1. Restricting to the stretch 160-184, give me the number of residues that are under 26 Å from HIS54 (Cα atoms), of a type in the set (A, V, I, L, M, F, W, C) and touching a Ser or Thr at 6+ places or on another chain (Cβ under 7 Å).
2. Condition first: within 22 Å of ALA204 (Cβ to Cβ), of a type in the set (Lys, Arg) and either touching a Leu at 6+ places or on another chain (Cβ under 6 Å) or modelled with pLDDT of 90 or more (or both). Can you find one or more residues in the stretch 345-365 that meet it?
3. Among the residues of the stretch 199-217, is there at least one that is under 22 Å from ILE44 (Cβ atoms), out of contact with any Asp or Glu (no Cβ under 8 Å at 6 or more places or on another chain), touching a residue at least 12 places away in the same chain (Cβ under 8 Å) and in the same structural domain as VAL116 (by TED's automatic domain parsing)?
4. Please state which of the following conditions VAL40 fails to meet, knowing it meets all the rest: (1) of a type outside the set (Gly, Ala, Ser); (2) surrounded by fewer than 24 Cβ atoms within 10 Å (Cβ to Cβ); (3) in a helix (DSSP H, G or I); (4) touching a residue at least 40 places away in the same chain (Cβ under 8 Å).
5. For the stretch 56-71, give me the residue count where each residue is surrounded by fewer than 18 Cβ atoms within 10 Å (Cβ to Cβ), out of contact with any helix residue (DSSP H, G or I) (no Cβ under 7 Å at 6 or more places or on another chain) and outside any loop (DSSP other than H, G, I, E, B).
6. Pairs please, first residue from the stretch 130-144 and of a type outside the set (Phe, Trp, Tyr), second anywhere and in a loop (DSSP other than H, G, I, E, B), Cβ atoms under 6 Å, 6+ apart in sequence or on different chains.
7. Hey, can you tell me all the residues within the stretch 34-74 that are within 16 Å of the chain's Cα centre (by Cα) and of a type in the set (D, E, K, R)?
8. Regarding the stretch 201-224, can at least one residue be identified that is of a type outside the set (Phe, Trp, Tyr), under 17 Å from LEU56 (Cα atoms) and in a helix (DSSP H, G or I)?
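The values are calculated or read from the model by the stated rules, or taken from the named source; none is laboratory data. The structure presented is a predicted model; accordingly, all values stated were derived computationally and were not measured. All Cβ positions, even for glycine, are placed from backbone atoms using ideal geometry, and neighbour counts span all protein chains on display.
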Amino acid sequence: MKIKNWDTFSFVVAYHLLILALLPSFISVFSWGAVALFLVTYIIGGLSITVGYHRLYAHRAYAANPFFEWCVLLGSALSFEMSALMWSHDHRLHHNHVDTDKDPYSIEKGFWYAHVLWLFDYKRNFDASLVGDLMKNPRVVLQDRYYAHIVIGVNLAVFLLGWALLGSALASFYLGFLVRMAMIHHSTWFINSLCHTIGSKTYARELSAVDNAILALLTFGEGYHNYHHAFAADYRNGIRWYHFDPSKWTIWLASKLGLAKNLRSINNVTVQKSLVQKDKKMILEHISDDVDEFAAELREKLEELSTAFEEKASALMIKVRELKKASAEQRKLLQREISALRASLKETWDEWVQVTRMAARQYEFAH
């Protein structure tokens, strides 16, 4: 790889070397107050990226009022990850061309390329049409125009505040700036590298993106990356009650406080319909050359179950829509019909899971 962005390369290398060089000196001034400063700035900077840059701007998974937008636009200065406009441009490019040469941080070019080396190699060919909506947002445009000023101002203010509270310029600079920035960077980079390498593929098995619950702990819920690539418009990444997704909780709380609205989420039936279609396509392609009795029975069963699931899911959605317009008298009958359809749909889904798992064992492919 030939380095094209020497300024970015020099900056990344320099702050990593500085972390190592200053470690012995920092140990002598260590304090739990410095750790607290690190955690507060890490959380603010990290959530500004996940809640703001990623789910609000890159994917428009919800809408926010100007105050909330300025919170994330200013908080993002703690992350040193470009303006919201440029970050969203590159991320939309990633989703549009994932795992191809047009993907800025394609995992196909290697783990370390996807992790950090792409930053030194990437030359942005800015496509205004890709972020036309964001270019109409005056707050996003203003942040982009004065990004360097905002970054310097916010980080200088945090450093001075930390110095005043801790009584040590070194402690404030080391944990409240250097280590915080490095942690946010590597957490974000691991989404591009580790979350396209190690984990499970539950929702989009044709993609490299995986769900990694451990990484979700470091990235405020971004580790459920396979689901995200399958349903990028959802404001949630972790859709189960036990999924660790503070970004989702922050957006939900903001909506209750009147700071956010129009939260977009994919209902469970839609998710299952997508999985049925993808599973069926994958398995049929895998056994396309097989002519034995098992393969023939499997094809027939897949067609039967997928058709049944599609019909029941469609009937359920129709009844749900009818329920919204129904009178009080009609609602009781419709609710009973909906409950019966949900139970029947669950039976078909459970049978689908059993059949696909059996196919996975028989043909030894991941499920």
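1. The initial filter retains those residues of the stretch 160-184 that are under 26 Å from HIS54 (Cα atoms), namely 175-184.
So of that shortlist, the ones also of a type in the set (A, V, I, L, M, F, W, C) come out as 175, 177-179, 181-184.
Next, from what is left, pick out any that are touching a Ser or Thr at 6+ places or on another chain (Cβ under 7 Å): 184.
The total comes to 1.
2. no
3. So the first thing to find is which residues in the stretch 199-217 are under 22 Å from ILE44 (Cβ atoms), and the list is 215-217.
If we keep only those that are out of contact with any Asp or Glu (no Cβ under 8 Å at 6 or more places or on another chain) as well, we get 217.
Pick out the ones that are also touching a residue at least 12 places away in the same chain (Cβ under 8 Å) and you get 217.
Pick out the ones that are also in the same structural domain as VAL116 (by TED's automatic domain parsing) and you get 217.
The answer is yes, given that some residue of the stretch 199-217 is under 22 Å from ILE44 (Cβ atoms), out of contact with any Asp or Glu (no Cβ under 8 Å at 6 or more places or on another chain), touching a residue at least 12 places away in the same chain (Cβ under 8 Å) and in the same structural domain as VAL116 (by TED's automatic domain parsing).
4. In the conditions (1) of a type outside the set (Gly, Ala, Ser); (2) surrounded by fewer than 24 Cβ atoms within 10 Å (Cβ to Cβ); (3) in a helix (DSSP H, G or I); (4) touching a residue at least 40 places away in the same chain (Cβ under 8 Å), VAL40 misses (4) alone.
5. Of the residues in that region, 2 qualify.
6. Close Cβ pairs (under 6 Å, with a partner that is in a loop (DSSP other than H, G, I, E, B)) amount to GLN143/SER83; ASP144/SER83.
7. ARG55, ARG60, listed by residue number.
8. Within the stretch 201-224, not a single residue is of a type outside the set (Phe, Trp, Tyr), under 17 Å from LEU56 (Cα atoms) and in a helix (DSSP H, G or I).
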